[in-house]
Amino acid sequence: MRYRRADVVERAIGVLDAHGLDALSMRRLAADLGVQPGALYHHFVNKDALLQAVADEVLQRGRRPNEIVTWDAELSLLCVGLRDAMLRHRDGAALIAQVHRSDGEALEQPLRAALTRAGADDQLARVGARSLVRFVLAHQDDEADDFHLGLSLVLDGLRARIA
């Protein structure tokens, strides 16, 4: 059977959930799909490309619908959505952190845009967005109340700077 790229990503998420990030390899995924490992290279040039596609799909599934809210509420929704996406899958946080370690731009961009709309200058928008992403990545194991309290502390600081 010939698989589409979306089918391969879906099965990779299944492997991730069942066995964890360390077990997600091209060889294991190919065996799970019943194909030769080389068949996966039709869709992905290497494992990093596969992991990028899996991380993107995990994040996409965690996105909340667009709502008209204040900038600080938007930041809160984006951060909670990122955390929810990471926690929805086994090793989801490790996957997203690994894929976005060298370039967090994709995770930071929506946060930066909200900060810019709120009136933050370029530096505050850049550093604020990066700080929020790092906060979420570092505190994904916190109890929900602790996570929300910590997030509100960071947002309070941003509100004070922008005001």
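Every number in this text was worked out from the coordinates using simple rules, so none of it is lab data. Please read all numbers here as calculations on a predicted model, not as lab measurements. Cβ sites come from the backbone with ideal geometry, for glycine too, and all protein chains shown count toward neighbours.
Table for the structure above
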{"read-out": "Mean separation of Cα contacts under 8 Å, 6 or more apart, over the residue count of region 66-162: relative contact order %", "value": "32"}
{"read-out": "Acute angle (nearest 10 degrees) that the helix 5-19 long axis makes with the longest principal axis of the chain, alpha-carbon atoms", "value": "80"}
{"read-out": "Cβ-placed point charges (K, R +1; D, E -1), dipole of the chain about Cα centre in debye, nearest 20", "value": "580"}
{"read-out": "Helix-derived mean residue ellipticity, 222 nm - over the chain, DSSP H n ≥ 4, -39500 (n - 2.57), to 500", "value": "-23000 deg cm²/dmol"}
{"read-out": "For region 66-162, fraction of C-alpha pairs farther apart than 23 Å, in %", "value": "20"}
{"read-out": "Charge dipole magnitude, Cβ of K and R +1, D and E -1 - region 5-57, Cα centre, debye nearest 20", "value": "240"}
{"read-out": "Between helix 71-88 and the chain: long-axis angle, C-alpha atoms, 0 to 90°, nearest 10", "value": "30"}
{"read-out": "0 to 90° range, to nearest 10: angle between helix 105-118 axis and the chain longest Cα axis", "value": "20"}
